[in-house]
1. Filtering the stretch 212-225 down to residues that are touching a residue at least 40 places away in the same chain (Cβ under 8 Å) and part of a helix (DSSP H, G or I), which residue is nearest to ligand 2 (Cβ to nearest atom)?
2. List pairs: first residue in the stretch 200-211 and under 17 Å from Ala125 (Cβ atoms), second residue at pLDDT 75 or above and part of a loop (DSSP other than H, G, I, E, B) anywhere in the structure, Cβ distance under 6 angstrom, at least six positions apart or on different chains.
3. Among the residues of the stretch 491-500, what is the count of those that are farther than 15 Å from Asn351 by Cα and either open to solvent by less than 80 Å² (accessible area, probe 1.4 Å) or not in a helix (DSSP H, G or I) (or both)?
4. Which condition number in (1) within 19 Å of His161 (Cα to Cα); (2) touching a strand residue (DSSP E or B) at 6+ places or on another chain (Cβ under 6 Å); (3) within 14 Å of ligand 1 (Cβ to nearest atom) is the one that Glu251 fails?
5. Is it the case, given these coordinates, that Asn67 is within 16 Å of the chain's Cα centre (by Cα) and within 16 Å of ligand 2 (Cβ to nearest atom)?
6. Of these, Ala258, Ala238, which one is open to solvent by less than 30 Å² (accessible area, probe 1.4 Å) and farther than 25 Å from Tyr108 by Cβ?
7. Of everything in the stretch 20-33, what is within 16 Å of ligand 2 (Cβ to nearest atom) and either assigned to a strand (DSSP E or B) or farther than 20 Å from Arg56 by Cα (or both)? Give them in sequence order.
8. Do we have Tyr313 as within 16 Å of ligand 2 (Cβ to nearest atom), at pLDDT 95 or above and crowded, with 18+ Cβ neighbours inside 10 Å here?
Amino acid sequence: MPLRLYNTLGRKTEEFIAQKPGEAGFYGCGPTVYNYAHIGNLRAYVTHDILTRVLRERGYTVNHVMNITDVGHLSGDSDSGEDKMVKSAAERGKTVLEIADFYTQAFYNDTDRMNIIRPNIVCKATEHIPEMIELIKRIEKNGFTYNAGGNLYFDISRFTHYGELALHRMEDLKTVARTEIDDNKRNPGDFVLWFTKSKFENQALVWDSPWGRGYPGWHIECSAMSIKYLGEQFDIHAGGIDHVPIHHTNEIAQSEAATGKHPWVRYWIHNEFLVLDKGKMSKSTGEFLTLQSLIDQGYDPLDYRYMLVGGHYRSQLQFSWDSLESARNSRKSLLEKIKTLAAQVPDTIRNNMILNISRRDTKNAEESAKIANCDQPSVPPCLCESSLLDILPDSPAAKRLAAFNEALDDDISTPRALAELWGLLRDTEAAPADALKTILYMDRVLGLRLETALAGEQETPEFIAEIEGFIAQRQAAKAVKDFKLADKIRNDLNQRGIILEDTKNGSTWRRKT
Ligand code: AMP
Ligand code: ZN
């Protein structure tokens with residue numbers, strides 16, 4: 001079954017067909033770095049992470065781009081309120097750049113702890129002002145803008161497709177009630193492309209532009225950066241459901257107004273909100289839970305990831321300490337069951353599995369570090385895993401894997417996929433080595449770091465890699481008939497409690513019992 005995704009644009013589930021075969025261009029709206037990410041925001045990034053992992057497992061080379069908003073995002077998405085970055089800097093007695101750097105690092109710290117793979121390209125708004133200016137010039141040249149009160153506005157009435165994503169009707173947009181009306185706007189839904197008259201006297205970051213010294217509106221950064229890194233038309237754009245009516249609607253209008261190409265993006269993916277029992281979580285009011293606050297209560301970041309994976313990304317998820325507690329218990333029991341399963345698998349096979357994971361991570365970390373513009377190396381899962389090939393097609397493990405993949409192909413149904421993983425673990429018909437291999441493979445998408453259940457106290461990937469290194473040295477010594485060195489390596493390992501066994505396919509090792 002092909003991968004199918006629910007597309008907000010058109011409100012239906014559609015087969016994913018990439019613009020360029022084998023490649024997927026994916027832009028996910030990133031954080032506004034004026035405060036810590038809250039656990040609701042982290043739900044959005046786990047959604048992007050799992051989508052990326054699924055695409056990679058389906059054989060796509062994914063170019064995953066994410067922005068860091070460090071300028072221009074006002075407290076109201078439609079140009080009202082204060083600049084979030086400026087406000088936060090003033091409150092904390094820091095510069096805007098200091099605040100941006102601090103919270104960007106805090107963001108990476110959180111996403112790393114949640115085992116979220118870093119995007120290939122992470123781009124900061126403040127480093128792409130020339131690209132934004134160029135894009136605005138194209139929008140202006142095509143006749144979609146007007147100047148008023150010193151600002152440059154986008155005139156939504158000129159754009160025929162305006163509001164298609166959000167199912168807005170133009171008549172409604174003209175009469176829409178706003179808490180804060182900007183008198184410069186011809187239609188209430190118009191939005192700022194470039195502010196020259198600063199709303200705030202203390203606006204820290206301003207740049208020269210054809211419209212005067214000022215700074216960009218919020219939406220233009222995502223259009224400019226995604227077009228720069230993914231081209232004028234690309235495959236997937238994602239964000240939280242709150243971005244549908246304004247931010248993404250305006251991104252589409254600007255991008256298509258500039259390029260004249262429709263549709264700008266083929267698939268729009270939106271995650272539903274994580275809500276507290278009290279109601280909405282809000283970063284700007286400061287009433288929110290961070291990942292650290294969960295850790296402070298004794299939870300592992302992966303308990304929270306487990307909780308998220310247990311829900312479908314398009315269903316609202318209610319956060320409560322009870323639900324986190326139950327996720328923790330389930331994850332603990334999952335790890336214990338995997339440990340019991342692993343005990344039934346011969347040492348050499350199990351160690352090879354751990355080593356495969358470790359080699360894959362190292363190889364991919366090196367490869368992704370080479371990608372141009374990569375701020376930080378990411379660790380995408382491997383595309384070339386062959387260890388599953390020796391599992392018989394009609395075996396219980398293979399059937400569970402097929403059902404697991406089917407669930408993911410059905411608009412990324414992680415709850416069903418997780419249930420298949422559990423089903424395999426409980427399946428007494430499945431051969432232990434097959435079940436273990438398959439479960440580790442499944443975890444490449446779920447990202448729950450299940451291999452930690454296998455590593456035990458001593459068999460860390462580093463330890464296994466070290467032993468494998470000695471085995472390779474010994475092999476090389478034997479090849480040049482240096483049997484003295486070969487024996488020394490064997491004896492040294494023996495002293496450390498490691499027994500080597502030579503087979504016709506090479507050497508294997510196990511611990512002395
Ligand atoms: P922000 O840092 O506020 O720009 O938001 C970052 C991402 O988190 C965006 O994709 C938002 O749509 C998303 N988001 C914000 N609040 C929540 C929430 N409570 N649950 C899920 N996603 C959210
Ligand atoms: Zn965006």
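The values are calculated or read from the model by the stated rules, or taken from the named source; none is laboratory data. The model shown is predicted, which means the values in this text are computed figures rather than measured ones. Note: ideal-geometry Cβ built from the backbone for every residue, glycine included; neighbour counts use all protein chains shown. Only protein heavy atoms, including side chains, enter the accessible area calculation; ligands, DNA and RNA are left aside. Shrake-Rupley method; radii C 1.70, N 1.55, O 1.52, S 1.80 Å.
1. In this case the residue turns out to be Cys222.
2. These pairs meet every condition: Leu205/Val71; Val206/Arg213.
3. 5
4. Every listed condition holds for Glu251 apart from (2).
5. yes
6. Selected residue: Ala258, the only one of Ala258, Ala238 that is open to solvent by less than 30 Å² (accessible area, probe 1.4 Å) and farther than 25 Å from Tyr108 by Cβ.
7. The answer is Gly25, Phe26, Tyr27, Gly28, Gly30, Pro31, Thr32, Val33.
8. Taking the combined requirement at face value, the residue does not satisfy it.
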